[in-house]
Amino acid sequence: MSLDLRRSARTTARWASPAGLLLAGFCLLLPFLAVSCDAPGGYGRAAPGGTTTYTGWDLAVGGTPEVTPDHLRPAEAVRDDTLPPQPLAIAVAVLVVAGLGAAAAIRGARARRAATALAAAVAAVFLVASQATARALLESRLREQLTAPMPAGKTAADYIADQGGFALCLLLLTLIALANAIGWLRARPTTEPPPPKIGQVAGRSGD
């Protein structure tokens, strides 16, 4: 039983370390959203059969998404596929940096874990909200750019899919928040017994 507890403590400490936040930050460079190759008439710079993929960083700064190289439209047929910078995605990056700063600057274990857990938890909430906002923008953009009828029973949402980078980033932030919250609870200061009264001390010395 004690061995299992030690393993659990090591696992918690691993996820509570700054390394977890660094990994979550790197996840912003991975794919977050994609407009499917099945989109009627294509989308943006992608001809029918091509896929347009947005990383978390693309969403944060309004960067140019990646398009399947062999399905690029000719220049005269290109449509806009960039999204405006997403404030919530920017906030996620800022919170990750803030969590790293807290882990490096705060000496007290409880305060450090509390600050890191809060930063990771709020970042996870903002990440979900940012993803939902970006999806809604892409759905609107796709409807505006339709050059072929939408198949029966299909909507723009059916051609937009979450990608692995978003899921991994959300998982890491959730684990970091939980691990640091658990570490904060375990690091609660113990209550010390009150010092003996003067009369008690005098009585013991007389004995």
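The values are calculated or read from the model by the stated rules, or taken from the named source; none is laboratory data. From a predicted model like this one, the values you see are computed outputs, not experimental measurements. A quick note on method: Cβ atoms are made from the backbone with ideal geometry, for glycine too, and the neighbour counts reach across all protein chains shown.
Please give the number of the condition Gly56 fails out of (1) crowded, with 23+ Cβ neighbours inside 10 Å; (2) small (Gly, Ala, Ser); (3) farther than 19 Å from Ala123 by Cα.
All conditions are met except number (3).
When you scan region 82-124, how many residues do you find that are within 22 Å of Leu29 (Cα to Cα) and part of a helix (DSSP H, G or I)?
The number of residues fulfilling the criteria is 22.
Contact list please: Cβ distance under 6 Å, first residue in region 96-112 and of a type outside the set (Ser, Thr, Tyr), second residue surrounded by fewer than 18 Cβ atoms within 10 Å (Cβ to Cβ) and outside any helix (DSSP H, G or I), pairs at least six apart or on different chains.
Note: pairs meeting the criteria are Ala109/Ala187; Arg110/Ala187; Arg112/Ile106.
Any idea how many residues of region 61-80 are within 20 Å of Gln163 (Cα to Cα) and either among the charged types (D, E, K, R) or touching a residue at least 60 places away in the same chain (Cβ under 8 Å) (or both)?
Matching residues across region 61-80 total 1.
Within region 101-113, which residues are hydrophobic (A, V, I, L, M, F, W, C) and either modelled with pLDDT of 90 or more or surrounded by 19 or more Cβ atoms within 10 Å (Cβ to Cβ) (or both)?
Once the filter is applied, which keeps residues that are hydrophobic (A, V, I, L, M, F, W, C) and either modelled with pLDDT of 90 or more or surrounded by 19 or more Cβ atoms within 10 Å (Cβ to Cβ) (or both), region 101-113 yields Ala102, Ala103.
In this structure, does Glu139 turn out to be among the acidic types (Asp, Glu) and either within 22 Å of Leu28 (Cα to Cα) or modelled with pLDDT of 90 or more (or both)?
Yes, satisfied.
Based on this model, can you work out whether Ala152 counts as part of a helix (DSSP H, G or I), over 15 Å from Arg79 (Cβ atoms) and modelled with pLDDT under 95?
In short, no.
Condition (residue is in a helix (DSSP H, G or I), in contact with a Cys (Cβ under 7 Å, 6 or more places away or on another chain) and either surrounded by fewer than 18 Cβ atoms within 10 Å (Cβ to Cβ) or at pLDDT 95 or above (or both)) applied to region 125-136: is it met by at least one residue?
yes
Looking for whichever is within 30 Å of Gly44 (Cα to Cα), touching a strand residue (DSSP E or B) at 6+ places or on another chain (Cβ under 7 Å), in contact (Cβ under 8 Å) with a residue 24 or more places away in the chain and surrounded by 13 or more Cβ atoms within 10 Å (Cβ to Cβ) here; the options are Gln86, Gln163. Which one fits?
It is Gln163.
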